[in-house]
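Encoded as C-alpha cells, the structure appears first; notes follow it.
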Amino acid sequence: MFLRRRSVHGRLMGDIRSAQQKCVRRAFLEPLILLQLEHLLSTPDMSLAALKRLVVIAAEDIGLGAPDLIPVLNERMEGWKGLSQFERARRLIEVSYLAVARPASRWIPHWAVTLVTSVPTDQSWREEEVMLNGIRASLRAGDWEQMGLDVEEGFLRTTLKGEVDLPQGIGFSIDFLSKVWDVMLQESSLARIPRMKAWRHCFGTPSKISISSRLFLYLAVMDSCLRLPVESLSRPVISDEEVASWLERAAHEVYDIPDWMMDKHTAQGRRANKGQQQFFEEGAVLARPSDVLGIEREEEMRLRAKDIYLERERLYGRECRTKHIRKRWREAVRTNELKKVI
C-alpha cells in the first residue's frame, strides 16, 4: 500500500502526503518543494504520485480560488515516464510555486458534506430523465444549491465499484454521472470547456470513480452556475541552477514535519486521538483564503461542515467520514424499501 511505503529518508509516505497537503493550505513553499522531491528521490520513484496528489489538493484546498490550476497540473503530467529525474524535479518545483501562490478555498469539500447529509432516504424517487432535466434547469437558472442537491442525490443513487445495488427504480447505473457531465459541457461556454474537460478527466473513468471524485464534480457544478472567469496561469521559469540546488538540498535536508500536521489522516495522529476538532482548528486552516464567494460565506460553510463532522464523530467515532455517511444512506434506503415490501 502506497501510504505505508518508506521514502528515501525512511518516512511513511502517508505522513509525507499529509504534510504535503498542509503545506499547500499554509502556503509553505520550501517545505512543499522538499516533500515533493522526497517523492522523487525515493525508490521506487514516486514523483508522479506526488503530482497526482497535488491535483486532488488543487480541487479540495484551492478549488474555486483557482479553477484553472487543475488543467495546468494535468498538462505537466504529460510525458512523465519519458522525463529525466532532473526534468521531473523541475516540474515538481514549478507546480509547487503555482500551488502556494493561488488563493485557497475549501468550499468544495465543506459544501459536499452538507449535501450528502441533506438528501432524504425516503422520498418519491424521480426517474433518471426527470433528474437530468432538473439539473439542466437549475444550471440555466444559476441555482447552484438546487443543482448540488440533485447531483448529490444522483451520486448517492449511483452504484460505485464494490457497492451493493439499490432496489430497482431507485439505483442508477454509472452512466448517469456521465450524462451529468454531458449536460454541464453542453451548457458551458467555449472558454470554460477546457477546464470542464480537465475536471471530467480527473473525475475518472467509470471503473475508477470514487468518493473523492466528487471534488471535481462539484467544482464543475459551481462553475456551471456561477460562470467563473477563465484565468490564464503563467508558469514560473525554473533555471537549471535552481533545480540542481533543490535536488542537492532535498537529498540531505529532511523537512521536520510538525506535530499539528499529523492529524486524523495519519497513523500517528490517530494514535494521539486527534479528531475533527484538531483538523478544523489546525490541519485545515488556510493561510490565503479566497474571497471569490466572499469570506463570510466561506466561513459559514466551513462552520456548517465542522458541526456535521463533529456530530457524526460523536455518534460514530472514526466512522464519520463521507464514505461512512454514504454507506449509511444507502443502507437506510434499502431498509426503508424492505419495510414497504413487508
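Remarks
- With Cα atoms, 0 to 90° folded angle of helix 85-101 axis to the chain main axis: 60
- Footprinting exposure proxy ranking of R297, R25, fewest other C-beta atoms within 10 angstrom first, gives R297, R25.
- A104 long-range amide H proximity, modeled H, under 5 Å: R288, S290
- Cα long-axis angle, helix 193-203 against the chain (0 to 90 degrees, to the nearest 10): 90
- Proxy reagent accessibility, fewest Cβ within 10 Å first, across H9, H39: H9, H39
- Long-range HN-HN contacts of F172 with modeled amide H, under 5 Å: T158, T159
- Counting only residues at least eight positions apart within a chain, or on another chain, the lysines with an alpha carbon under 26 Å from that of K323 are K22, K52, K161, K179, K197, K208, K264, K274, K306, K339.
- When the charge dipole of the chain is built from unit charges on Cβ atoms (+1 for Lys and Arg, -1 for Asp and Glu) and taken about the Cα centre, the candidate among I170, S245, M261 whose Cα reaches farthest toward its positive end is I170.
- Placing unit charges on the Cβ atoms only, positive for Lys and Arg and negative for Asp and Glu, gives region 1-117 a dipole magnitude near 360 debye about its Cα centre.
- For the chain, the Cβ-based charge dipole about the Cα centre amounts to some 980 debye (Lys, Arg positive; Asp, Glu negative; other atoms uncharged).
- Summing Cβ point charges (Lys, Arg +1; Asp, Glu -1) relative to the Cα centre of region 107-226 gives a dipole of roughly 560 debye.
- Taking other Cβ atoms within 10 Å as a rough exposure proxy, E241, E337 sort from fewest to most as E241, E337.
- Principal-axis tilt of helix 47-57 within the chain, Cα atoms, nearest 10 degrees: 50
- Stretching R297 away from V164 to a fully extended chain increases their span by 44.2 nm, per 0.36 nm per residue minus the current alpha-carbon distance.
- Per-residue Karplus couplings for region 271-285, computed as 6.51 cos²θ - 1.76 cosθ + 1.60 with θ equal to phi - 60°, are listed in order as 5, 8, 6, 6, x, 5, 4, 5, 4, 6, 7, 10, x, 9, 5 Hz, Gly and Pro entered as x.
Quick note: the coordinates plus some simple rules give every number you see, no bench work behind them. For clarity, every value in this text was computed on a predicted model and none was experimentally measured. For neighbour counting, all protein chains shown are included, and Cβ atoms are generated from backbone atoms with ideal geometry for every residue, glycine included.
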